[in-house]
Amino acid sequence: MDLNFKILLALLVAFCFTGGIFYLFMDLYLHIYDPEWNGIFSEKEIIKKESIFFIGASNVYSIDVDRISDELIMNQLDYEIYNLADMSDTPTRRVNSMMHLVELEPKVIIYGISMTDFEKSRDYRSEFFNRGLFGNIVEPDKFFVNFLSSIFNLDFSEKFPTSPKDRMIQSIKYILRGPDYPTHPFMNYRENNILSQDEIKSIYGEGVGFRGIDNDIENSEFLAVNKIIETFQSNGIKVLIFTPPYNELVFEHVKQSEIENFEKIIDNISQRFDIDILYLHDKYAENEIWSDPYHVAINRNAQIYTDDIKEWMIKELKE
Amino acid sequence: MLFTTVEFIVFFIAVLTAIVCYKNRKFQHTLLVVASFFFLYFSDSYLVLLLVYTTILHYFIGKKIAESTDPKNRKILLGIGIGGSLGLLGFFKYTDFAISQINELFGVLGFTEIPFLNLILPIGISFYTFQSISYIIDIYRGSLKPTRSILQYGLFVAFFPTLVAGPILRASDFLPQLNEKISNLKSQIKLKQFFINNRNLKLGITMMAIGFLKKLFFADNIAPMVDNVFNSPIGHESFTIILGTIGFGFQVYGDFSGYSDIAIGAALIIGINVPPNFRKPFFSTSPSDFWRRWHISLSTWVRDYLYFPLIFKNRKSSQRLFSSLFTSFFLLGLWHGAGWNFIIFGIIHGIYVAVDTLVRKQFPNFSKNKFFKTKIGKITSILITQFLIFFAFISFRVRDVDEMVYSMKKYLIWDFEIDGTINFIQQNEFAVILIPIFLILQIITLKIKNVSERISSLQVKHWLIFLTIIMLLVVLFYRGSAEEFIYFEF
């Protein structure tokens, strides 16, 4: 075989192998997570109680489950609560690890369903044509991305987790010494700063946008939500749903009709599965509790989010 | 177009495929010129016109200087060439900085502020300006004959692997590589045919892989720790500042030498040799030695086109030596960017090198002392030199003067507090682990010479393992979005 060809073949093999390992590792953590695991190098003991899982994307993550747990105990509700929110999580991604959650036999699953879960995907073809000839000439990088993406109907940025490194390090740490924060295993649960509304606007003003709600009932995310809830309920797991909050900057880019469309989708889920919903998506828009437009800060001055969830949970669990 | 993007990979594969498929010499050369200008146009849009302007200006100025026999005319032409491109560089890079200084100065006297122009810095302008200036100066000095083909000159100025962040090429190295003699007769010189040979392909890919590892695995993953220290350094303990400084030194080295490795590797695959830009700078034994190992293409440019002409008239005067070095380094600092921090960076290095040179000159027996030839002596020299070099890096990283002074104080006068540092290490453990790993790799590659060549001479199956490990490290520890190359700003 020609050596040049061998070299290219080696490159291709390395590329495919790396791609395979990457794909495997990015979701591995979700599939092997076990609240009782403490890592190879740890000998901590866990007292097994009935458990409650929070699931959803990173906007669910700042809910302080230890604080809720303490309050629940005071109300004679003794549960071990875990916040299993994961970065860039979507219903279609969560379907892949759904059966693993069922095997862990939680009593209740509290699912944060976000407006962005049903956001329309980017229409590269329209963007390409809407930019016009001059727009495409002046910004060739955007032209290239829109053109290729419209041909192959691909958006790489939406296919991969935001930070493979974070996921990889979490996986390694998890295997060696168990999660850093046992009740918040998938992301770093560290206090971060609250930004003022002005700071949020000046830092994130240009990066925020919303493409609108995809109302199609055949929408894959909508079908995935239904499947997840059906599976949990059929396995005797109580499901509660809430809508995670957004900062007012996001709402500047969302039409009222889009918010109504989102609420219709959630109402539909509520009626179909007989689930109570806690609507928080626009509740704290103007509060000073944000680390960025999509995330309530992990901060003692931003506990209102946790406290509202806590009150609602106590009420729901006592019913 | 960043080397670390899918767009670059698609672009590079397309260029290589076209070179392999169509072997017509003229086509290959034209393709490389068009691809190079497209490469810049992709990121810089209409500002690519500045590159077109520089190319045309210097091509014709070079030609006219060579044709002219009148020394006065030659001088005027050289002045037009240098002024024409430095003026452009100065306008885009330094105007807003100058306005801010004028406003500050006259603001005290109650004058109205001049509005900023908010100019976008054209990508690579500092690099291609210096490259094209060296071309006309070499012709002026008679050490280079101008190329007769604007296509070849265009490829020299705009050659895409080195276009946006160097290494800064010399026409005397580059242009001869575009031709080949097909017999001993001079008239038989023809345009070089580009083809991809096994050695170059394997070595080029190896160098690119090492470059990606340095940039995406090391530099980009050390960067958050450095940002955590220097985005707001006031309040940090001495050891945290030192850790951040060391981290930044490794980050900027990994970032820039990684870029250079990718550029050299990409050029080599096409069949063009580009000289190295770094030679283990963290093992330099003096500040002068450091500049023989760090950003070599810039330091030799400054030496040949600035320092030598300045010192030429009176080599023996210590005062002249000091002022020439000082001026050269001042401008070298300013080349990096419009900001007092870069000027301070240049001045610090100017003082280092000037003192180093004067000490060697005044006390020749001191530097020849046997102690410096021993292992301990060498290690001592390296440690002292690095302590000084890293100190200067603080001014490279911290733009705010108060924060810079605070960081420098903490670097020099230790407070011996450790609680905050321990907490900081716990919060940045991955980056902290990478620093010694990077250092160990540097030591290993210092002992084993020509690592890239050795790796590329491995059997394909073993080479495949190397490639897979690098790819896994790069992909699995990718931060999610590649940091822009630091030297893109310059």
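Return a yes/no flag: does the stretch B:406-425 have any residue that is part of a helix (DSSP H, G or I) and either over 18 Å from B:PHE230 (Cα atoms) or outside the structural domain of B:ASN221 (by TED's automatic domain parsing) (or both). Yes, the conditions are met somewhere in the stretch B:406-425.
Scanning the stretch B:277-295 for residues that are more than 18 Å from B:VAL157 (Cα to Cα) and either in the same structural domain as B:GLU180 (by TED's automatic domain parsing) or under 12 Å from the mean Cα position of the chain (by Cα) (or both) turns up B:PHE278, B:TRP291, B:ARG293, B:TRP294, B:HIS295. Tell me, yes or no, whether the stretch A:103-111 has at least one residue that is surrounded by fewer than 18 Cβ atoms within 10 Å (Cβ to Cβ), more than 14 Å from chain B (Cβ to nearest Cβ) and of a type in the set (Lys, Arg). Checking the stretch A:103-111: at least one residue is surrounded by fewer than 18 Cβ atoms within 10 Å (Cβ to Cβ), more than 14 Å from chain B (Cβ to nearest Cβ) and of a type in the set (Lys, Arg).
Out of the residues in the stretch B:429-444 that are of a type outside the set (A, V, I, L, M, F, W, C) and surrounded by fewer than 15 Cβ atoms within 10 Å (Cβ to Cβ), state the one that is nearest to the other protein chains (Cβ to nearest Cβ).
Our first condition is that a residue be of a type outside the set (A, V, I, L, M, F, W, C); within the stretch B:429-444, this holds for B:429, B:436, B:442.
In the following step, the residues that additionally are surrounded by fewer than 15 Cβ atoms within 10 Å (Cβ to Cβ) were identified as B:429, B:436.
On the way: B:GLU429: 9, B:PRO436: 17 Å.
Filtering first and then ranking leaves B:GLU429.
Identification of helices (runs of 4 or more DSSP H) wholly contained in the stretch B:278-368 with 2 or more residues that are at negative phi, surrounded by fewer than 17 Cβ atoms within 10 Å (Cβ to Cβ) and not hydroxyl-bearing (Ser, Thr, Tyr) yields B:308-311, B:318-336, B:340-362, B:364-367.
For A:SER62, the criteria (1) modelled with pLDDT of 90 or more; (2) not in a loop (DSSP other than H, G, I, E, B) hold in every case but one, which is (2).
Could you list, in sequence order, all residues of the stretch B:452-468 that are without any contact (Cβ under 8 Å) to a residue 24 or more places away in the chain and more than 14 Å from every other protein chain (Cβ to nearest Cβ)? Of everything in the stretch B:452-468, just one residue is without any contact (Cβ under 8 Å) to a residue 24 or more places away in the chain and more than 14 Å from every other protein chain (Cβ to nearest Cβ), namely B:ARG454. Residue pairs whose Cβ atoms lie under 7 Å apart, separated by 6 or more positions or on different chains, with the first residue in the stretch A:202-219 and in contact (Cβ under 8 Å) with a residue 40 or more places away in the chain and the second among the β-branched types (Val, Ile, Thr) and assigned to a helix (DSSP H, G or I), are A:VAL208/A:VAL250; A:PHE210/A:VAL250.
Residues in the stretch B:1-18 that are within 13 Å of chain A (Cβ to nearest Cβ) and in a helix (DSSP H, G or I): B:VAL6, B:GLU7, B:PHE8, B:ILE9, B:VAL10, B:PHE11, B:PHE12, B:ILE13, B:ALA14, B:LEU16, B:THR17. Of all positions in the stretch B:211-227, at least one carries a residue that is acidic (Asp, Glu), modelled with pLDDT under 95 and buried (at least 22 other Cβ atoms within 10 Å of the Cβ).
Looking across the stretch A:302-319, the residues that are over 30 Å from A:SER196 (Cβ atoms), of a type in the set (D, E, K, R) and not in a loop (DSSP other than H, G, I, E, B) come down to A:LYS315, A:GLU316, A:LYS318. Every condition in (1) among the basic types (Lys, Arg); (2) over 30 Å from A:ILE137 (Cα atoms); (3) in a helix (DSSP H, G or I) is met by B:LYS93 except one, and the failing one is (2).
Screening A:ALA14, A:ALA10, A:ALA85 for residues that are surrounded by 17 or more Cβ atoms within 10 Å (Cβ to Cβ), under 20 Å from A:GLY112 (Cα atoms) and modelled with pLDDT of 85 or more leaves exactly one candidate, A:ALA85.
Of the residues in the stretch A:159-169, not one is more than 9 Å from chain B (Cβ to nearest Cβ) and either touching a residue at least 40 places away in the same chain (Cβ under 8 Å) or surrounded by 14 or more Cβ atoms within 10 Å (Cβ to Cβ) (or both). Might you let me know whether the stretch B:298-309 holds any residue that is over 22 Å from B:SER381 (Cβ atoms), in contact (Cβ under 8 Å) with a residue 60 or more places away in the chain and of a type in the set (D, E, K, R)? Yes: the stretch B:298-309 contains one or more residues that are over 22 Å from B:SER381 (Cβ atoms), in contact (Cβ under 8 Å) with a residue 60 or more places away in the chain and of a type in the set (D, E, K, R). Filtering the stretch A:170-193 to residues that are facing another protein chain (nearest Cβ under 10 Å) and in a helix (DSSP H, G or I) leaves A:SER171, A:ILE172, A:LYS173.
Taking the stretch B:19-58 as the range and being of a type outside the set (S, T, N, Q), within 24 Å of B:ILE262 (Cα to Cα) and at the interface with chain A (Cβ under 10 Å from one of its Cβ atoms) as the test, the residues that pass are B:VAL20, B:PHE38, B:TYR41, B:PHE42, B:ASP44, B:VAL48. State whether one or more residues within the stretch B:374-383 are in contact with a Gly (Cβ under 7 Å, 6 or more places away or on another chain), under 30 Å from B:VAL229 (Cα atoms) and in contact (Cβ under 8 Å) with a residue 40 or more places away in the chain. No: zero hits.
Only one of the numbered conditions (1) in contact (Cβ under 8 Å) with a residue 40 or more places away in the chain; (2) within 14 Å of another protein chain (Cβ to nearest Cβ); (3) exposed (fewer than 13 other Cβ atoms within 10 Å of the Cβ) is not met by B:PHE416, and that is (2).
For residues that are crowded, with 16+ Cβ neighbours inside 10 Å and in contact (Cβ under 8 Å) with a residue 60 or more places away in the chain, scanning just the stretch B:17-37, find the one that is nearest to B:TYR153 (Cα to Cα). So the residue we want is B:VAL33.
What number of residues within the stretch B:185-203 are surrounded by fewer than 23 Cβ atoms within 10 Å (Cβ to Cβ), closer than 29 Å to B:VAL6 by Cβ and touching a residue at least 40 places away in the same chain (Cβ under 8 Å)?
Residues in the stretch B:185-203 being surrounded by fewer than 23 Cβ atoms within 10 Å (Cβ to Cβ), closer than 29 Å to B:VAL6 by Cβ and touching a residue at least 40 places away in the same chain (Cβ under 8 Å): 8 in total.
The values are calculated or read from the model by the stated rules, or taken from the named source; none is laboratory data. Only a predicted model underlies this, so the values are computations on that prediction, with no experimental measurement involved. No Cβ is skipped: glycine too gets one built from the backbone with ideal geometry, and neighbour counts run over all protein chains shown.
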